[in-house]
Amino acid sequence: MIKKMICVMCVAVLSGCAMTSGLDAPEQAMPEQWLNQQQASEAMINHPQWWQQFNSQELNLLVGQALAANTDLLAAAARVEQADAQLTQAGAALFPSLGLSAGGGRSGVFGESGSTDNYNASLNASYELDLWGQIRNSRDAARASLLASQFSRDTVQLTVIASVVNTYLQVLYLQDNLALSEENLKLAQQVLDVVESKVENGAVSPQDLAQQKTVVANAKAQLPSLRHQLRQSRYALAVLVGEMPQVFQVGGGTLDGLQLPEIQAGLPDQVLAQRPDIAQAQAQLMAADYSVAAARADYWPSITLTGSGGYASSALSSLFNGDAVYSLGVSLAQTLFDGGARGARIDQSKAAWEEQVASYTGTLLVALQEVEQSLSNVQALADQQQYREEAYTQAEEAYRVAQVRYQEGETELTDVLSAQSSFNNARQNSLELIYNQYQSRVTLYRVLGASE
C-alpha cells in the first residue's frame, strides 16, 4: 500500500515541461491523535494478514479462497486491466506512427492500344510535437486513473476480506446461539419434569404445568428460525468465496475457539496512509488535474511532422531498382473560432476537478469519523466485559437457588420462571458481547485500511 501511495506522488512529476492546470487543492490538517486512542499492545494494525490473528485455520483457508475466486474481486481486477490498456492507448500518441504502403496500377486511353503500369512501395511516418503537453497530460491522467483503479480494487479486496470474516463469525455465533437455545430448552424441560411430578402429587396446581409447557413450546419455536438463519449465513459465505451454496461446506466451531486480537490504532496520519479509498480519491483528483491541463493545451496550435520514402517503377519486377522517392512535410493547425467549445471543455474539466476536491475531502472526513466510531465501539464493548460476567454469575446462582426452593416447596413457579428468564438473558447477552467484540475488531481493521 505504501509503495502505491508513493506511485501516486510520482505521477505528478512525470509530465516534464507540460502545461499544468494551475489549480491548487486545499491541504487537509490531520488531528494529532484519536479521541478514543487505545493503549499500546503487541499486535500492530499493519499486520499484513490481520485475519490470521483470530487463530482459525478454517478462516484463513476461506479468506484465501475468496481472494482467488470472489467474483467482485475478479471484476475489480478486470477493471484494472482495462485501465492499464487505456494508459497504453493514451501514451501511444507520444511515439511516431509508422506505416507501410504499396500499390500498383495501369492507366491508358479507351480505344487506343498501349497502357502504362505504375508500381510503388513506401514507408510513411508522422509525429505530432507535444510542445504544450496535451498528450503527456492525457497520458498522465490515464496513469492516475490506473492508480485509482488499482486502489479501487484494493478497497474491494478489503471489503471482501472483512465480509468473509464477518460472515464466518456470524456462522459461529448462530451455531453457538443454536446450542444455547437447545440448552435453554433442556433446562426448561427439566423444570417441566419437576412441575409434572408436583402436579401428580397434588403439590401445585395445573396452572403451573400450563405455564411451564408454554415456556418449553416457546423454546422449541426458536430452533427452526435459528437453523434457517444459520443456513442463510452459510449460503452467503459460499458466494463470498466463489462456491455454489448447494455444495459448500463449513465446519465452523465456537466463538470461544477463536482468539480476540489486540488493537493499536496508530496515529491518524499513519492510518490514513493505509486506506485505499483515500489513495483512490487522491489519484482521481490528480487525474482531474491533468485533464484540466490537457484541455488548456487545446488553445495552442498542433504541429505535425510527416515523412515518407520508397520506390516507384513501371515494372513490378524492377520495383526496388526503380526511382527512390521521398517526401517531407510539416503542418500547423490552429482553431480560430469554435463557438466556445474549447472554453466549455476547460470549464467542464475544472468543474470535474472541483468535484474530486470535494470527494477527496469528504473521503478524509468519513475515514476519520469511521475510525473514531470504531475505536469508541471497541472501548465500550471492553468496558462491558466485567459487568456482563458479573450478571451471568449472579443470574446463574439465582436460578439454581430458585430451582432448589421450588423443589422444596418454598417458592412459586413464577419465581423459577423469572430466574430462568434472567439466566437465559444473561447467557444470551454474554454470547452477543463476545460476538460483537469480534465484529468490532473486523470493523476496525477495515476502517483502518489494513489489507493483504
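Computed with a 1.4 Å probe over protein heavy atoms only, the accessible area of residue 135 comes to about 20 Å².
For segment 351-424, the solvent-accessible area works out to 56 Å² per residue, with a probe of 1.4 Å and every protein chain left in place.
Of the residues 350, 213, the one with the largest accessible area comes first in the ranking 213, 350, computed with a 1.4 Å probe on protein heavy atoms. Each of 404, 194 has its accessible area taken with a 1.4 Å probe; listed largest first, they run 404, 194. Residue 81 exposes around 130 Å² of accessible area when a 1.4 Å probe is run over every protein chain in place. Loop-located chymotrypsin sites (Phe, Trp or Tyr not before Pro) in segment 336-368 (DSSP state other than H, G, I, E, B) with a sparse environment of at most 13 neighbouring Cβ atoms within 10 Å: 337.
The values are calculated or read from the model by the stated rules, or taken from the named source; none is laboratory data. Quick caveat, the model's predicted, so the values are computed rather than measured. Neighbour counts are summed over all protein chains in view; Cβ atoms, including those assigned to glycine, are modelled from backbone coordinates with ideal geometry. When the accessible area is computed, the model is the full protein with side chains, heavy atoms only, and any ligands, DNA or RNA have been set aside. Shrake-Rupley method; radii C 1.70, N 1.55, O 1.52, S 1.80 Å.
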